[in-house]
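All of the numbers you see were taken from the coordinates with simple rules; none came from a lab. Note that this is a predicted model, so its numbers are computed, not measured. Neighbour counts run over all protein chains shown; Cβ positions are idealised from the backbone, glycine included.
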């Protein structure tokens, strides 16, 4: 029973250096059963390093790295995970069924080849050589390989790159199903709507640190900006000079503004242009929140450096 | 509340891997490696054709010009030359490629039994070596009518099959040093000069004396001596040659595995 309270994966004050470069600078991260954590951040933020540590590919220079309470380099811990890496190219001449059969053989009680293929929507591709598949199909094969061992924790590195919208939606359904069955997932993605749609928790990294962690809503709320769009004859350059407006630009027929004080801005807009129409006010999306957070982290870092 | 049937509770704390499943994983890895190479003509064709075509030309058609021992001499030479390739290329090139394209990284992240990757490639190299030396022996017996006893045939076969191992070690070592597309060229730079300097194409006695003295440096020289012994043209000292090859194999394999552990 004690095993149930143990986090599935965790990093505690983890440090990793590559020569003089500090890739991870005291990262804390914890993942519970059945939880989907999205790991976001610009390239070089330390996401791949964090995942490489949890997969046992590299060793930490400081702090703790645990998978199911064990060292990830312990094969027993890794028998409980499934992995989909963005950068791996699989043997081109092997058939899809052969790849699944091989991967399943590494696990103590895997799903059947047929079941794994059906879950990933590739049951019709089993006899095809891997090299003859489209990019999106190859990603789905990799997804089938990741889930074939009945993992309790899945690592999905940019799982939907190269997929069309339909395939992406199907993969999302499959991921949600796995999570509902109690599988935990670490997802890295550049598609913020993917994180928004799937994640229980979002962890934003920059410069080797976790700069924000929480629910998608909490992350969005951290950024107070709202988005105001409308059709108006007012000039965006003029609008940008108003104190209420942070940024303004023309987007097709509409003008688009971001603001910290939507109510005051809307009042002033309506006064200034009686013919204004199609007014919309929206909370900032994850994309804006993300840009804002990483920019803060970068300028903060720049100031640190100047002060030093 | 005690009756809560938590579905997680039925999942065993740690699912143990039965010994049968571990063996099955090794066998699956071996099967996949063999399938991959059988389906890769750019590896298989040169590996099989070079030694057999050379043997046909120099050992059989032009053999008689080189004296009565030529079919057996060239059987030993091209047997050695032939089994160097699956070891050097099968291990070296594929390891260099797979370190570069992320496959090795994925395999290390997956719970693949740690030795399965190398064992799979090793068994593949042993099988390809068996095919090569088998073909050469058939040609020697049926086409060249080389005077070989049954013992000599069997000894020659197993000498060459297990003779692939030092070259697996060497390929592993080179593959742990270089990465990516440059590997086939680099391996050829080792393969061809080494074959030449070990006296596989011309008897060492016609080379300049300092190159002759360099002969025993190369693993292929020792395998060739063993193969010559097997077909009845050798000078003995079997244990010395076996010992040197064993030392080479262990040295290359240990150095390479250490490097791979550290650098991936």
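For residue A:169 and residue A:128, FRET efficiency with R0 = 25 Å and r from the beta-carbon atoms, rounded to 0.05?
0.65
Of the DSSP beta bridges with both residues in the protein assembly as shown, give the percent that are antiparallel, rounding to the nearest 5.
Numbers: 36 of 53 bridges.
Here the share of antiparallel DSSP bridges comes out near 70 percent.
Assuming a ≥ b ≥ c are the square roots of the Cα gyration tensor eigenvalues, decide whether the stretch A:174-280 counts as rounded (a/c under 1.5), prolate (otherwise, with a/b larger than b/c) or oblate.
prolate
Which of A:110, A:129, A:236 moves most in a GNM of chain A, Cα contacts under 10 Å?
A:236
Per DSSP H run of n ≥ 4, the term is -39500 (n - 2.57); total these for chain B, divide by its residue number, and report the mean residue ellipticity at 222 nm rounded to 500 deg cm²/dmol. The partial results should precede the final answer.
On the way: 11 runs with 180 residues, N = 264.
Roughly -22500 deg cm²/dmol at 222 nm, from the helical runs in chain B.
Measure nothing fancy, just the Cα-based angle from helix B:116-142's long axis to the longest principal axis of chain B, in degrees from 0 to 90, nearest 10.
That helix lies at roughly 30 degrees to the long axis.
Mean residue ellipticity at 222 nm from the helices of chain A, using -39,500 (n - 2.57) per DSSP H segment of n ≥ 4 over the full residue count, to the nearest 500 deg cm²/dmol? Don't skip to the answer; put the middle values down first.
Values: 12 runs with 113 residues, N = 308.
Calculated at 222 nm, the ellipticity per residue is -10500 deg cm²/dmol.
How much length is gained on full extension from residue B:61 to residue B:20, taking 0.36 nm per residue of separation minus their Cα-Cα distance?
On the way: separation 41, 0.36 × 41 = 14.76 nm, distance 5.15 nm.
This chain segment gains 9.6 nm when fully extended.
How many nm separate the modelled label positions at residue B:135 and residue B:119, each set 7 Å beyond the Cα in the direction of the Cβ?
Taking the simple label geometry, residue B:135 and residue B:119 are separated by 2.9 nm.
For chain B, calculate the relative contact order in percent as a whole number, restricting contacts to Cα pairs under 8 Å that are 6 or more residues apart.
Rounded, it is 24 percent for chain B.
Computed FRET efficiency, Cβ-Cβ of residue A:17 and residue A:193, R0 35 Å: what is it to the nearest 0.05?
FRET efficiency, residue A:17 to residue A:193: 0.55.
Does the protein assembly as shown classify as rounded, prolate or oblate by the C-alpha gyration tensor (a ≥ b ≥ c root eigenvalues; a/c under 1.5 gives rounded; else a/b over b/c gives prolate, otherwise oblate)?
Working: a/c = 2.73, a/b = 2.35, b/c = 1.17.
Prolate shape, in that a/c is at least 1.5 and a/b is the bigger ratio.
What nm distance separates the two modelled labels at residue B:247 and residue A:161, each placed 7 Å from Cα along Cα→Cβ?
According to this spin-label approximation, the distance is 4.8 nm.
Using a 10 Å cut-off around each Cβ, can you sort A:228, A:185 from fewest to most neighbouring Cβ atoms?
A:228, A:185
Return the Cα extents of the stretch A:2-220 along principal axes one, two and three, sorted largest first, each rounded to a whole Å.
Reported extents, whole Å, longest axis first: 46, 37, 36.
Could you work out how far helix B:219-230 tilts from the main Cα principal axis of chain B, as a 0 to 90 degree angle to the nearest 10?
60
With springs connecting C-alpha atoms under 10 Å apart, model chain A as a Gaussian network and identify which of A:203, A:148, A:230 has the largest mean-square fluctuation.
The residue with the greatest mean-square fluctuation here is A:230.
Whole angstrom only: what separates the Cα centroid of the stretch B:229-264 from the Cα centroid of the stretch A:97-124?
39
Determine, for A:290, B:210, B:61, the number of other Cβ atoms within 10 Å of each Cβ, and report the residues in order from fewest to most. Could you put the intermediate results ahead of the total?
On the way: A:290 23, B:210 7, B:61 12.
With the sparsest Cβ surroundings first, the list reads B:210, B:61, A:290.
Expressed as an acute angle from 0 to 90° and rounded to the nearest 10, what is the orientation of the C-alpha long axis of helix A:135-147 relative to the principal long axis of chain A?
Its long axis makes an angle of about 60 degrees.
For chain A, calculate the relative contact order in percent as a whole number, restricting contacts to Cα pairs under 8 Å that are 6 or more residues apart.
Relative contact order, chain A: 18 percent.
Apply the a/c threshold of 1.5 to the C-alpha gyration tensor of the stretch A:224-283 and tell me whether it is rounded, prolate or oblate.
Note, shape of the stretch A:224-283 comes out rounded.
Relative contact order of the stretch A:224-283: what whole-number percent is it, with Cα pairs under 8 angstrom and at least 6 residues apart?
Relative contact order here is 48 percent.
What distance in nm lies between label points placed 7 Å from Cα along the C-beta direction at residue A:292 and residue A:217?
1.7
Using a Gaussian network model of chain B whose springs link C-alpha atoms within less than 10 Å, name the residue from B:48, B:138, B:228 with the highest mean-square fluctuation.
Comparing B:48, B:138, B:228 in a Gaussian network model of chain B, the most mobile one is B:138.
Using the Kirkwood radius built from alpha carbon pairs, what does the Stokes-Einstein equation give as D for chain B at 4 °C and 1.567 mPa s, in µm² per second? Don't skip to the answer; put the middle values down first.
On the way: Rh = 19.9 Å.
Here the translational diffusion coefficient equals 65 µm²/s.
In what order do B:206, A:122, B:30 fall by count of nearby beta-carbon atoms within 10 Å, going from fewest to most?
Values: B:206 9, A:122 22, B:30 18.
By the 10 Å Cβ count, ascending: B:206, B:30, A:122.
Based on the Cβ-Cβ distance of residue B:45 and residue A:263, what FRET efficiency does E = 1/(1 + (r/R0)^6) give at R0 = 60 Å, to the nearest 0.05? Mind showing how you got there, number by number?
Values: r = 75 Å, r/R0 = 1.26.
After rounding, the FRET efficiency stands at 0.20.
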